[in-house]
């Protein structure tokens, strides 16, 4: 076991330690304006401790085993997404939380991001590097992704639902999709996006009325400051406006640790979770934000190197899916406060307070470590699409071998 631990990527582990330190200190600064959140920095440290245990535990197990049983794991995840609609609690308008006790809650939508990556890898490795066909491959894969997407949209969680689409696109990109299909999909996405923007800006009042009747008016409150800031209510623009002012006031080097006036006065909500980048930008300025982005770059660069060194098909698919998931979260979270994206409530990976999000991200890095440890092996029967012998069959084979030798 010690030999396997030494083979894990030390650079990734070091970056995670740096992100842990940054997260704990930033959360501590963010919670000073609210006495009710007095121990969130301690909880963050505890979640990181559990996360490192999960990372090592998952990393020591051959990732091909996870992919082998990905279909059953997918089914388990779907059951959780369905179950949460009946027993789930609501936090920040998202009805997707399963309450464990008075202090802990669990969000199945976060877990399903990792499940979806494993399942799509399970599907694609069976194709044996063959070009993906539209009706035979892409449509079924899209339908497998649409099921959790729809379930999470029902839970009112737009941020995680869009994350599934990003994972699908990333996996299809490495899954040998035809260039013509990729260009057609890109054209459809482009036309749909600009059509949505045109329709939303032209029929804003009608759309807002419809969303209000459907009890989804908070969607408009998140989109309005992004697309039609002149029509956004003061309530809708309060978050992003104050966040933008705080980021701009940080300047190059920031106002100093725990000296951010907007953060410490409570003018920016959720600074310990969704808005934690605002804390970094106001207190440490452009330099602090750049250091954070540099750590993300190093982390993703190391993951790309591991994918390139992998000798089978499943490893790179899993890693690209994880990279797509992390890049989406970083771009969406930071972009929302820079006016580039709508505010969807996505956490900043490895920095925001949130046990479920952090543990899933650490588990995903555990998969990357497993690929580094076992990805140098030749493809076995699992990845060749053949049936792996059961445990009893292996034991019986060993017994017969011993008898033959004797």
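The values are calculated or read from the model by the stated rules, or taken from the named source; none is laboratory data. In this text the structure is predicted, and so the values were computed from the model without any measurement. Glycine also receives a Cβ, built like all others from the backbone with ideal geometry; neighbour counts cover every protein chain displayed.
Overview of values
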read-out: Residue 136 at positive phi and either modelled with pLDDT under 90 or not in a helix (DSSP H, G or I) (or both); value: no
read-out: Residue 218 vs. criteria touching a strand residue (DSSP E or B) at 6+ places or on another chain (Cβ under 8 Å), surrounded by 12 or more Cβ atoms within 10 Å (Cβ to Cβ) and part of a helix (DSSP H, G or I); value: no
read-out: Considering residues of the range 123-140 that are buried (at least 20 other Cβ atoms within 10 Å of the Cβ) and in contact with a strand residue (DSSP E or B) (Cβ under 9 Å, 6 or more places away or on another chain) only, the residue nearest to residue 311 (Cα to Cα); value: 124
read-out: Answer residue from the range 84-96, given it is farther than 18 Å from residue 149 by Cβ and at pLDDT 75 or above and is surrounded by the most Cβ atoms within 10 Å (Cβ to Cβ) among those; value: 87
read-out: Check on residue 150, within 30 Å of residue 62 (Cα to Cα) and at pLDDT 90 or above; value: no
read-out: Count of residues meeting criterion [outside any loop (DSSP other than H, G, I, E, B) and at pLDDT 95 or above] in the range 335-354; value: 0
read-out: All positions within the range 34-53 that are surrounded by fewer than 16 Cβ atoms within 10 Å (Cβ to Cβ) and either in contact (Cβ under 8 Å) with a residue 60 or more places away in the chain or assigned to a loop (DSSP other than H, G, I, E, B) (or both); value: 34, 38, 39, 50
read-out: Which listed residue, of 304, 268, 263, 318, is farther than 29 Å from residue 127 by Cβ and in a helix (DSSP H, G or I); value: 263
read-out: Criterion: assigned to a helix (DSSP H, G or I), under 18 Å from the mean Cα position of the chain (by Cα), closer than 20 Å to residue 317 by Cβ and at pLDDT 90 or above - qualifying residue of 120, 162, 81, 143; value: 120
